[in-house]
1. Between the DSSP loop rule and a limit of at most 12 other Cβ atoms within 10 Å, which GluC sites (Glu not before Pro) in the stretch 11-95 are left?
2. For the chain, what does -39500 (n - 2.57) per DSSP helix run (n ≥ 4), summed and divided by total residues, give at 222 nm, in deg cm²/dmol to the nearest 500?
3. Just add up the charged neighbours of Ile117: K/R +1, D/E -1, any other residue whose Cβ is under 12 Å from the Cβ of Ile117.
4. For the stretch 1-93, which trypsin sites (Lys or Arg not before Pro) are in a loop by DSSP, counting at most 13 other Cβ atoms within 10 Å?
5. Considering only DSSP states other than H, G, I, E and B, which chymotrypsin sites (Phe, Trp or Tyr not before Pro) in the stretch 16-124 qualify as loop sites with at most 16 other Cβ atoms within 10 Å?
6. Could I have the simple spin-label model distance between Lys71 and Lys299, label points 7 Å from Cα toward Cβ, reported in nm to one decimal?
7. So, R0 is 25 Å and r is the distance between the beta-carbons of Lys39 and Lys9; what FRET efficiency does that work out to, to 0.05?
8. If R0 is 41 Å, what FRET efficiency do you get for Glu197 and Asn163 from their C-beta distance, rounded to 0.05?
Amino acid sequence: MARVRDIVKIMEKHFPLDLASPWDNCGLMLGSPDKEVQKVLLCLDLDAAGVEEVIAHAPDLVITHHPLFFKEFKKIDYNTPLGRLIRELITHDICVYSAHTNLDAASRGVNQILAEILELDDIKPLFPEKSEKLYKLVVFVPYSHVEEVRRAVNGAGAGYIGNYSDCSFRTPGIGTFKPGEGTNPFIGEKGKVEEVEEYRLETVVPEVLLSGVIDAMLEAHPYEEVAYDVYLLQNQGQVYCMGRQGYWKEETSLMECACHVKEKLGVEKLKIAGPPDKRIRKVAVIGGAGMSLISRLPKDIDLLITGDVKYHEVKEALNWGLAVIDAGHQETEEIVLPWIRDLLTRESQASGLDVEYIYMPGKKCFWNI
Ligand SMILES: [Zn+2]
């Protein structure tokens, strides 16, 4: 049986809360981590106008990209849209979890998937906003349990090097210990020095996953007192950033780029700014609203694809020599949700959790007529 905490654990393994911007509000917004979950609904945002459609699906948990609550509030007035929404969610016992800027910045989050959907080559973070600290975890394990402990720590997210998972190293040796008063040793007797053949098992762990990996290691380890070491490494960890940069396969015109974006994102109309015949090779993508970042973009970017673009922002971009495609806030973010639904389905099945995930596309806010 799955509980909210199990789904949260999968989400935060892939989209750690530490990646969220300081002004943001991410995580479990409403409900209990203990609640049983059979059905999870994914959508871009929740609002009073669309809550009936959500309730009709009878989910136990809703995962949104935009946080349910942004600002603090002092009362819940059922006559306001937010108050009505909260009342409906509580009445129908629906929990809400939001993953916002942590999902934007994650190594396989909104912007990475958007860049992949647009088929960019050589995709990289736009600029280094945050880089993860890496740790080396070393644990001493008796031969009989080495594979169980390795599976537990790698399963909790340790041992990723580039696109390789399950990386670890083990060396055999002899461990010694003497169980004292009040112990209940897995091997050996109280008051007698024991020698045991053990492996020194080591692997690499990003900081955001360290406590979860240690918990998993302790749970899988047979010893009452586990001998392990954690070292901070100097190796460069992954770089996280809200946006991505990459290249079109071939240099092409702004107009042709716009047609490609329309096709890949399934949008009927979009706005372009810049000379239609401008040659475009290097592209930046920022899902949602990315214009506030234009002064930080690498100067060799020819085109920014984002949403929510305003007049004065476009003027500034053009002064930087940057062309812009406004493909819509909703359109550049929502497209990622089916991918997350599939990820959660796969991970839940692998963990033996029987949960159904459904994606509910949001109603269009704007119509180009
Ligand atoms: Zn957004």
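1. Numbers: sites: Glu12, Glu36, Glu52, Glu53, Glu72, Glu88; in loops: Glu72.
Of the GluC sites (Glu not before Pro), the ones in loops of the stretch 11-95 whose Cβ has at most 12 other Cβ atoms within 10 Å are Glu72.
2. Only helices count here, giving -8000 deg cm²/dmol.
3. Details: positive: Arg244, Lys264; negative: Glu116, Glu119, Glu263, Glu331, Glu333, Glu334.
Its environment carries a net charge of -4.
4. Those satisfying the criteria are Lys71, Lys74, Lys75.
5. Trp23, Phe69, Phe70, Phe73, Tyr78
6. Reported label-point gap for Lys71 and Lys299 is 4.0 nm.
7. Details: r = 18 Å, r/R0 = 0.71.
After rounding to 0.05, the efficiency reads 0.90.
8. With R0 = 41 Å, the Cβ-Cβ based efficiency is 0.75.
The values are calculated or read from the model by the stated rules, or taken from the named source; none is laboratory data. Because the structure is predicted, anything quoted here is derived from the model rather than measured. Heads up, the Cβs are rebuilt from the backbone with ideal geometry, glycines too, and the neighbour counts pull from every protein chain shown. Just the protein is used for accessible areas: all its heavy atoms, side chains included, with ligands, DNA and RNA removed. Shrake-Rupley method; radii C 1.70, N 1.55, O 1.52, S 1.80 Å.
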